[in-house]
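All of the numbers you see were taken from the coordinates with simple rules; none came from a lab. Bear in mind the structure is a predicted one, so any value in this text is a computation, not a measurement. Note that each Cβ is placed from the backbone with ideal geometry, even for glycine, and that neighbours are counted across all protein chains shown.
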Amino acid sequence: MVLETKRLVLREFARDDWQAVHVYAAAADVVAFMEWGPNTEDDTKSYVQNMIVTQRQEPRKVYEVAITLKQDGSLIGGCGLHVEAHAKAALGYCLNRTLWGNGYATEAAYALCKYGFRELQLHRIFATCRPDNTASERVMEKLGMTREGVRREHFYAKGQWQSSLLYSILANEFVEL
Ligand SMILES: CC(C)(COP(=O)(O)OP(=O)(O)OC[C@H]1O[C@@H](n2cnc3c(N)ncnc32)[C@H](O)[C@@H]1OP(=O)(O)O)[C@@H](O)C(=O)NCCC(=O)NCCS
């Protein structure tokens with residue numbers, strides 16, 4: 001699977017990508033709001049390996065892809081759709097700190113949502129973020145998602161109970177640009 005946008009190419013992860021992935025997966029400021037990380041090198045290698053396994057699953061449930069810059073092919077992050085029952089999927093994204101604020105996450109997530117609704121015939125795509133993760137919440141808003149509410153302290157990670165904002169968009173609400 002390859003998706004092309006104005007500035008990006010979203011492509012499948014390959015084994016040699018682990019070092020580029022490790023740049024963001026091992027950075028404390030990037031993973032501060034994530035359930036996982038900061039990664040060790042072994043964590044990142046097994047993450048990439050797991051993603052390669054999911055590419056071949058039938059039926060495929062995990063569409064997690066590398067975000068690369070069209071201009072030089074560099075891998076700057078990852079984003080994914082995790083398909084669940086009832087034609088719904090969870091959306092996630094993560095980007096190198098140095099590339100934040102350029103609209104790349106929104107551009108990548110938008111392309112993935114379009115793929116999800118058009119090609120995978122999804123009915124609903126949802127995303128969550130920690131309440132303080134303003135950048136992630138803003139991406140959800142820019143995608144046209146609706147805020148459904150707060151899931152209060154629904155999981156325990158990094159030494160404390162974590163809450164999440166829940167956003168979603170339905171197929172008939174998605175505006176194709
Ligand atoms: C969330 C993340 C992917 C966003 O990537 P990005 O490429 O910078 O996102 P975009 O540029 O498309 O949009 C970010 C928006 O948030 C806004 N923003 C960023 N930090 C902000 C802050 N502290 N307060 C208010 N707005 C903020 C930006 O201004 C931008 O909005 P705008 O276009 O209206 O100006 C990136 O910050 C990241 O990788 N964070 C760590 C991983 C993570 O938290 N992933 C999501 C898990 S739920």
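Calculate how many DSSP beta bridges within the chain are antiparallel, expressed in % of all such bridges and rounded to the nearest 5. Could you put the intermediate results ahead of the total?
Details: 37 of 40 bridges.
Around 90 percent of the beta bridges assigned by DSSP in the chain are antiparallel ones.
ARG138: net charge of surrounding residues, Cβ under 15 Å, Lys/Arg +1, Asp/Glu -1, itself excluded? List each step's numbers first, then the result.
On the way: positive: ARG130, LYS142, ARG147; negative: GLU107, ASP132, GLU137, GLU141.
The answer is -1.
For labels at LEU69 and PHE155 in the simple 7 Å Cα→Cβ model, what's the distance in nm?
With each label point 7 Å from Cα toward Cβ, the separation is 3.1 nm.
Taking every pair of alpha-carbon atoms in region 26-92, what share in percent sits in each 10 Å bin, from 0 to the bin with the longest distance?
Taking all Cα pairs of region 26-92, the binned fractions are 17, 44, 34, 5 percent.
Rounded to the nearest angstrom and ordered from largest down, what semi-axes does the equivalent ellipsoid of the chain get from its C-alpha gyration tensor (root of 5λ)? Walk me through the numbers on the way to the answer.
Working: eigenvalues 97, 87, 55 Å².
They are 22, 21, 17 Å, listed largest first.
Could you give me the radius of gyration and the Dmax of region 73-177, taking only the C-alpha atoms into account and expressing both in angstrom?
My reading of the Cα-based Rg and Dmax gives 13.9, 42 Å.
Could you check the spin-label model distance between ALA32 and THR146? Points 7 Å from the Cα along Cα→Cβ, value in nm.
Between ALA32 and THR146, the label points sit 3.2 nm apart.
Would you tally the net charge around VAL21, using a Cβ to Cβ cut-off of less than 15 Å, leaving VAL21 out, and scoring K and R as +1, D and E as -1?
Details: positive: ARG11, ARG15, LYS45, ARG97; negative: GLU12, ASP16, ASP17, GLU41, ASP42, ASP43, GLU64.
Local charge sum for VAL21: -3.
Sort 46-57, 127-138 for me by packing, meaning the mean count of neighbouring Cβ atoms within 10 Å per residue, highest on top. Kindly include the intermediate steps, with their values, before the conclusion.
Details: 46-57: 14.3, 127-138: 16.8.
The packing order, highest mean first, is 127-138, 46-57.
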